[in-house]
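The values are calculated or read from the model by the stated rules, or taken from the named source; none is laboratory data. From a predicted model like this one, the values you see are computed outputs, not experimental measurements. A quick note on method: Cβ atoms are made from the backbone with ideal geometry, for glycine too, and the neighbour counts reach across all protein chains shown.
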Protein chains: 2
Amino acid sequence: MPDRDPKTGPDATAAVDPRVRRSREAIAEAAIAQFIERGYRDASLDDIARLAGVAKRTIYNIYTDKEALFRAILGEAVDTAERFSVEVAATLGGTDDVETELTAVARELSRAVLGGRIVPLRRLLISEAARFPEFARDYYERAPGRVMTTLALGLNRFDERGLLRIDDAEMAAEQLAFLVLGASLDRALFEVDGPPTEAVEARAIAGVRVFLRAYAAT
Amino acid sequence: MPDRDPKTGPDATAAVDPRVRRSREAIAEAAIAQFIERGYRDASLDDIARLAGVAKRTIYNIYTDKEALFRAILGEAVDTAERFSVEVAATLGGTDDVETELTAVARELSRAVLGGRIVPLRRLLISEAARFPEFARDYYERAPGRVMTTLALGLNRFDERGLLRIDDAEMAAEQLAFLVLGASLDRALFEVDGPPTEAVEARAIAGVRVFLRAYAAT
DNA sequence: GCACTATTGCACGCAAGAGTGCAAGAGTCA
DNA sequence: TGACTCTTGCACTCTTGCGTGCAATAGTGC
């Protein structure tokens, strides 16, 4: 939904000047860092330029606006989050060992969501949800939404094998996900620099156990 | 932890001028509305003054700073959230009908968290967690933390009655809470003006069912 | 009604930050 | 090397918003 590549049309039309390419990359890197750290309003273009090792004027040569920059950069971040999401739990339901598989997915989920830049990105999206509601919605469909769908597929596979008894797979997927990392994720949103590990693992394991007791086919 | 009543010492020392009282109330109301709607940085004191029907100068007669105003107002909001929280699930574990009681608590929780000003407050706390980390921590301990403790006590009562088999009550309380409204709350943080109801109820009911299947004593 | 105190409005000063213009310099491609 | 394009630095404008000073006014308590 959001427009990326604000000034170039199709990428294929003639190779871009390497200077432009380098500038773009440096700016993108500096911008996402600043936006995530300070938010849209408090991130200044002077700082971004300085951090990117680029003149402020150059930013304006590429992006029309602070807003255009933000949209482009945030769009990329959401793309990245989506790319991560398609890989999570993709193979779920492949074996007969439900507990092992679910535990592995629980760990994978925890690591992926709490380890990388997802939590800061979520904070930014929530902070700017009033100003840029499309991004929040877009993210939610493409990242957590995709994970839920994938999880649901895997749970259905277990159901078909007679290892779990799943009635509403989408609902069960949500329940599994929030059992595993709901509490950890919620805390993480509030504790800006808290250590991510510790209770996270315990919650993941315990969550899987509860899920299994509720949904085991026996 | 945060300082409220920035300029008066103990409240008991002589009744305050009613003019001050009125100003304070009007300012507080306008300020929390603006801060919640626009965030710390984008909320302007001119707007708050206009909205409160008060001269900007008056705000500075009461609060030294924009920051002092924010701290005072946010402190009050957290107090209110805490007051709400002590009432949630206080009577849990009083009867023998686990399912009915848990379902009632699930509805109560959903309504309390998703219905009032809690979600916008959470958004604000998350947005400003980098600038004011004390408030985020403080809130988390005093509101959700308190609810978890209360829930855990109730679950323990069911365990003592032999109706549930609870090993780690704090963990079980978290699991229940996030089964019931984890998904709804997470969505709510991103969807600024989305309708709160609809799937919320379904998640609450289904969450309780899963919890019971996992923890029933039979 | 009187002394006192808070509110008001308004015009400031000041700083930060978005966005622009331009001429000089440097990289790129053939 | 030459033609071209992008980057750079710098100074500049404009807006927004914080915070203050002051003299006039109005509410409060006795």
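Inside segment A:41-98, residues that are within 11 Å of DNA strand D (Cβ to nearest atom), within 14 Å of another protein chain (Cβ to nearest Cβ) and among the aliphatic types (A, V, I, L, M) make up a count of 0. Given the residues B:Thr80, B:Thr103, which is the only one that is crowded, with 17+ Cβ neighbours inside 10 Å, part of a helix (DSSP H, G or I) and either of a type outside the set (A, V, I, L, M, F, W, C) or without any contact (Cβ under 8 Å) to a residue 12 or more places away in the chain (or both)? Result of the check over B:Thr80, B:Thr103: B:Thr103.
Restricted to segment A:124-218, the set of helices (runs of 4 or more DSSP H) holding at least 2 residues that are within 7 Å of chain B (Cβ to nearest Cβ) comprises A:133-142, A:169-190, A:199-215. Taking B:Leu114, is it more than 9 Å from chain A (Cβ to nearest Cβ) and either surrounded by fewer than 19 Cβ atoms within 10 Å (Cβ to Cβ) or not in a helix (DSSP H, G or I) (or both)? Yes.
Among the helices (runs of 4 or more DSSP H) contained in segment B:1-72, which hold 3 or more residues that are at pLDDT 95 or above and more than 8 Å from DNA strand C (Cβ to nearest atom)?
Values: elements: B:18-42, B:45-52, B:56-62.
Passing ranges, in order: B:18-42, B:45-52.
Hey, A:Asp65 hits all of (1) over 30 Å from A:Ser44 (Cα atoms); (2) surrounded by fewer than 16 Cβ atoms within 10 Å (Cβ to Cβ) but one; which does it fall short on? For A:Asp65, the exception is condition (1).
In segment B:52-61 there is no residue matching the filter, namely being under 30 Å from B:Arg161 (Cβ atoms) and in contact with a helix residue (DSSP H, G or I) (Cβ under 9 Å, 6 or more places away or on another chain).
Report whether or not B:Arg122 is among the charged types (D, E, K, R) and surrounded by 22 or more Cβ atoms within 10 Å (Cβ to Cβ).
Values: among the charged types (D, E, K, R): yes; surrounded by 22 or more Cβ atoms within 10 Å (Cβ to Cβ): yes.
So B:Arg122 fits the description; yes.
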